[in-house]
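Structure record follows, encoded as structure tokens.
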Amino acid sequence: MKSMVILPSWKPDDIYPSKIASSAISYQHPLGPLYIATCIQEAGHEVELVDGAFWTHGEILDKVRRLRPGFVGLSANASMWTKAMKAAAGIKAIDPSIHVSAAGPYPSAVQEKSLEQCPELDSIVIGEGELTVPELIARLEQGESLTGVAGVAFRAADGTITVNEPRPLIEDLDIIPIPRRELLGDFDKYESPPGNYRRKPIAIVMTSRGCPARCIYCFQMKGERRIRYRSVDNVVREVEELVNHYGFREIRFLDETFTADRERAMELLRRFRELRLDFSFFVSSRVNTVDYELLREMKKAGCWAILFGAESGVQKNLNTLRKGVKLEQTRTAVAAAKKAGLKVTTPFIIGIPGETYEEALETVEFAVRLDPHVANFHTMAPFPGTELYDHIEKYGTMSSNTDDYTFEGGAFVPHSMTREEIERVRTIAFRRFYSRPGFILRRLLAVRSLYDLKTVTKGARSFFWLWARGDTLSMKRPEPRSQGNKAGNRSG
Ligand code: B12
Ligand code: SF4
């Protein structure tokens with residue numbers, strides 16, 4: 001059956017505060033949809049992957065009109081939900097016989113609600129879709145109902161909504177085919193924020209799925225956070241293919257915690273070194289899973305940067321997040337990574353439940369003392385499918401507009417702070433962190449290439465806007481501006 005996998009059309013301005021959107025542009029390969037398109041192709045169907053980062057809504061509909069697929073799968077997280085609904089409506093208006101499905105974090109978390117909110121959707125694919133979608137398409141081809149297809153919620157002809165039993169997690173990740181990157185088209189169109197990569201083109205790889213932690217704000221399918229690993233051989237095969245066959249020069253390992261299993265991480269690094277492949281890489285990790293020896297091995301294997309979710313400089317607030325780390329571990333890990341020669345990025349969250357304005361300022365000072373190469377100061381978002389969303393009355397108030405569900409949107413305000421305080425702390429944080437003379441001098445002295453110069457210039461431009469405007473939230477706030485913490489937000 002002719003199929004399409006579509007990421008709805010979006011622009012950086014939809015996600016980031018408009019003045020800094022151009023320096024925050026992050027067009028990465030959409031790995032989840034790519035896995036799905038690969039599996040559809042492996043099952044013998046013709047498939048087209050459309051990445052809405054590069055298409056307007058109208059262009060996407062024109063493509064649907066030309067191809068007339070039998071199945072369309074839309075991928076959506078919370079911030080993309082209204083765009084996915086608009087795409088579903090547009091596609092059904094072209095041809096009501098096209099089966100339109102939605103998948104990804106948002107519809108996976110609130111399946112029935114998604115089908116109720118969007119009458120044009122025929123079904124939802126819940127969680128990992130690699131095994132579910134080929135089965136769903138086979139049923140459509142045979143003209144059969146979706147009753148009993150595990151991991152699917154669907155609307156029957158009489159309008160009733162059925163949520164089938166969940167599909168178990170894929171235990172052996174090696175059975176999933178390696179994504180076919182040619183489905184992405186021209187790689188040059190993908191772009192990362194300045195300072196976020198060393199070489200191009202950049203491929204995205206995941207060597208494991210899931211996370212052993214249980215942070216209250218992190219979306220991972222309910223009860224399905226268990227970590228599973230691909231075999232080292234399977235990962236090495238993909239990396240070799242990416243570098244030797246496709247010519248990628250950098251890999252972003254998207255694993256939640258690349259170093260969750262120290263022994264396996266060491267083995268992967270050893271194999272990368274043995275192969276003498278020409279690529280650099282970037283990983284995300286947790287401060288309580290690294291040590292100097294491991295970080296040094298990473299550097300030797302070609303790693304140039306590491307991200308640690310530092311989140312807060314106040315232990316009480318880290319505990320509220322259920323981060324499971326101590327401030328001391330953050331200090332030790334960041335110092336060790338710097339000593340090993342890695343560039344360190346540490347995101348922080350402003351507006352943690354129970355956090356006061358003064359505590360948020362303490363986090364800013366902690367970030368300054370920690371002195372990573374890059375620090376971000378995000379707002380919290382209560383994504384459906386998280387502890388924060390499920391118990392919102394306990395923690396604060398939330399926006400009812402899913403467009404605000406970004407790291408800059410201010411969709412959540414804790415009982416202990418106001419929206420204005422969150423915005424003020426973010427402005428102070430960016431100004432305080434990035435205007436330190438020592439920091440600026442080090443950045444300037446580190447300029448070695450045209451790329452470095454571009455990075456510094458773009459960073460300076462964003463910084464100027466933050467300095468001049470202090471405009472750090474992208475949320476379209478209701479008028480008049482509220483004084484309290486209920487602006488546009490609701491409890492529950
Ligand atoms: C890489 C990434 C990005 C990248 C690239 C996004 C891209 N083009 O794909 C960038 C940096 C651009 C990004 C931006 C944002 N992201 Co992001 N991102 C991720 C991250 C780390 C990995 C996504 C991934 O590739 N996973 C691996 C694949 C294999 O899993 P998957 O995508 O879930 O796909 C599986 C299923 O969902 C399903 N599926 C997915 N799509 C489809 C489609 C069809 C048709 C079918 C059938 C099935 C299916 O099957 C897939 C395979 O099993 C996740 C966290 C995570 N670990 O998942 C956050 C995550 C998806 N991001 C999130 C958020 C909030 C954002 C931002 C809003 C942040 C911001 N700046 O404000 C923006 C939104 C940008 C946008 N327009 O969508 C949240 C979403 C939460 C939610 N409940 O909605 C997540 C879950 C992080 C988190 N834990 O909170 N992100
Ligand atoms: S925020 Fe990071 S450490 Fe916490 S559950 Fe999510 S992936 Fe795991």
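Data overview
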read-out	value
In region 175-191, the residues that are at pLDDT 90 or above, surrounded by fewer than 15 Cβ atoms within 10 Å (Cβ to Cβ) and over 14 Å from ILE36 (Cα atoms)	GLY185, ASP186, LYS189
Residues that are within 21 Å of LEU140 (Cα to Cα) and buried (at least 18 other Cβ atoms within 10 Å of the Cβ), drawn from region 42-69	HIS45, VAL47, GLU48, LEU49, VAL64, PRO69
Residue check for ARG167: touching a Gly at 6+ places or on another chain (Cβ under 6 Å), among the charged types (D, E, K, R) and more than 17 Å from SER26 (Cβ to Cβ)	yes
Qualifying helices (runs of 4 or more DSSP H) (wholly inside region 376-448; at least 3 residues being on the phi < 0 side of the Ramachandran plot, out of contact with any helix residue (DSSP H, G or I) (no Cβ under 7 Å at 6 or more places or on another chain) and surrounded by 21 or more Cβ atoms within 10 Å (Cβ to Cβ))	419-434
Count of region 334-344 residues which are surrounded by 16 or more Cβ atoms within 10 Å (Cβ to Cβ) and within 19 Å of GLU365 (Cβ to Cβ)	3
Residue match in region 102-112 (condition: more than 16 Å from ligand 2 (Cβ to nearest atom), without any contact (Cβ under 8 Å) to a residue 60 or more places away in the chain and of a type in the set (Gly, Ala, Ser))	yes
Number of the condition not met by SER145 [criteria: (1) surrounded by fewer than 23 Cβ atoms within 10 Å (Cβ to Cβ); (2) among the small types (Gly, Ala, Ser); (3) under 22 Å from the mean Cα position of the chain (by Cα)]	(3)
Output for region 246-302, where each listed residue is assigned to a helix (DSSP H, G or I) and either touching a His at 6+ places or on another chain (Cβ under 9 Å) or touching a residue at least 40 places away in the same chain (Cβ under 8 Å) (or both)	LEU268, VAL287, ASN288, TYR292, LEU295, ARG296, MET298, LYS299
Selection within region 236-252 - under 19 Å from GLU274 (Cα atoms), of a type outside the set (Asp, Glu) and within 14 Å of ligand 1 (Cβ to nearest atom)	ILE251
Residues being modelled with pLDDT under 95 and within 15 Å of the chain's Cα centre (by Cα) - total across region 192-208	3
Positions within region 312-328 being touching a helix residue (DSSP H, G or I) at 6+ places or on another chain (Cβ under 6 Å) and buried (at least 18 other Cβ atoms within 10 Å of the Cβ), in sequence order	SER312, GLY313, VAL314, VAL325
Checklist (1) within 16 Å of ligand 2 (Cβ to nearest atom); (2) in a helix (DSSP H, G or I); (3) more than 24 Å from ILE428 (Cα to Cα) applied to THR320, failing item	(3)
In region 345-371, residue surrounded by the fewest Cβ atoms within 10 Å (Cβ to Cβ) [restricted to those that are in a helix (DSSP H, G or I) and touching an Asp or Glu at 6+ places or on another chain (Cβ under 9 Å)]	TYR357
Hits in region 216-245 - residues which are in contact (Cβ under 8 Å) with a residue 60 or more places away in the chain and more than 22 Å from ALA76 (Cβ to Cβ)	ILE216, ASN234, GLU238, GLU241, LEU242
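The rows are residues; the columns are (1) outside the structural domain of LEU34 (by TED's automatic domain parsing); (2) surrounded by 16 or more Cβ atoms within 10 Å (Cβ to Cβ); (3) assigned to a loop (DSSP other than H, G, I, E, B).
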residue	(1), (2), (3)
PRO212	yes, no, yes
CYS215	yes, yes, yes
GLN220	yes, yes, yes
ASN234	yes, yes, no
VAL239	yes, yes, no
VAL243	yes, yes, no
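The values are calculated or read from the model by the stated rules, or taken from the named source; none is laboratory data. Since the model is a prediction, treat every value here as computed from it, not as a measurement. All Cβ positions, glycine included, derive from the backbone under ideal geometry; neighbour counts span all protein chains shown.
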